[in-house]
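Step one of this worksheet: look at the structure below.
The values are calculated or read from the model by the stated rules, or taken from the named source; none is laboratory data. Because the structure is predicted, anything quoted here is derived from the model rather than measured. Heads up, the Cβs are rebuilt from the backbone with ideal geometry, glycines too, and the neighbour counts pull from every protein chain shown.
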Amino acid sequence: MKKINITEDKWKKLLTDEQYKILRKKATEPPFTGKYLDNKEKGIYQCAGCKNPLFLSDTKFNSGTGWPSFNKTISEDSIDKKLDLSRGIKRTEVLCKKCGGHLGHVFDDGPKPTGKRYCINSAALYFKKS
Ligand SMILES: [Zn+2]
């Protein structure tokens, strides 16, 4: 995959304040506030920064955590995973492989068959209805 490299100044212009804080500064949106939390339409969730396809609507489930949750990525090649030890907790950060944007975290308490729970900020996503 061809990675994109954009300066922080340019990201600030391309993204909304909220998207910038999450994608580039690794912030987390408050739970139960994101626009895609209850979205049940069919389509593809893409990276809000670079439109890289990340998740299919079929893999979205209601985790009760307050963030859009998925049990699978479209492809393991669309994301990067990184150990995150901030806030004194061991977590796995999920980043867009194409633009390096912070998307959220992945946990091992998801539903079968994958057992994964990708906990993703709505503001890091762009939904393309199919
Ligand atoms: Zn991206």
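Conditions tested, residue by residue: (1) over 17 Å from the mean Cα position of the chain (by Cα); (2) part of a strand (DSSP E or B).
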site	(1), (2)
K10	yes, no
K13	yes, no
A27	no, no
P31	no, no
G34	no, no
F55	no, yes
Output the residue which, of all residues in the stretch 89-112 that are surrounded by fewer than 16 Cβ atoms within 10 Å (Cβ to Cβ) and in contact (Cβ under 8 Å) with a residue 12 or more places away in the chain, is farthest from the ligand (Cβ to nearest atom).
-> P111
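If you go through the stretch 113-130, how many residues are within 16 Å of the ligand (Cβ to nearest atom) and either outside any helix (DSSP H, G or I) or out of contact with any Pro (no Cβ under 9 Å at 6 or more places or on another chain) (or both)? Walk me through how you get there before you give the answer.
Of the stretch 113-130, the ones within 16 Å of the ligand (Cβ to nearest atom) are 118, 120-128.
Narrowing further to those that are either outside any helix (DSSP H, G or I) or out of contact with any Pro (no Cβ under 9 Å at 6 or more places or on another chain) (or both): 118, 120-121, 123-128.
Result for the stretch 113-130: 9.
When you scan the stretch 71-88, do you find a residue that is on the phi < 0 side of the Ramachandran plot, touching a His at 6+ places or on another chain (Cβ under 8 Å) and touching a residue at least 60 places away in the same chain (Cβ under 8 Å), even just one? Talk me through it step by step, then tell me what you get.
Taking the stretch 71-88 first, the residues on the phi < 0 side of the Ramachandran plot are 71-86.
Still in the list and also touching a His at 6+ places or on another chain (Cβ under 8 Å): 84.
Cutting the leftovers down to touching a residue at least 60 places away in the same chain (Cβ under 8 Å) gives us none.
So far as the stretch 71-88 goes, no, none of its residues is on the phi < 0 side of the Ramachandran plot, touching a His at 6+ places or on another chain (Cβ under 8 Å) and touching a residue at least 60 places away in the same chain (Cβ under 8 Å).
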Mind telling me which of the residues K60, K51 ends up being under 19 Å from A123 (Cβ atoms), surrounded by fewer than 18 Cβ atoms within 10 Å (Cβ to Cβ) and either modelled with pLDDT under 95 or not aromatic (F, W, Y) (or both)?
-> K51
Residue ID - farthest from K98 (Cα to Cα), chosen from residues in the stretch 14-69 that are among the β-branched types (V, I, T) and touching a Gly at 6+ places or on another chain (Cβ under 9 Å) = T33
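Of all residues in the stretch 29-48, which are surrounded by fewer than 16 Cβ atoms within 10 Å (Cβ to Cβ) and not basic (K, R)? Show your work before the answer.
The initial filter retains those residues of the stretch 29-48 that are surrounded by fewer than 16 Cβ atoms within 10 Å (Cβ to Cβ), namely 30-33, 35, 38, 40-43.
Of everything in the stretch 29-48, those that are surrounded by fewer than 16 Cβ atoms within 10 Å (Cβ to Cβ) and not basic (K, R) turn out to be P30, P31, F32, T33, D38, E41, G43.
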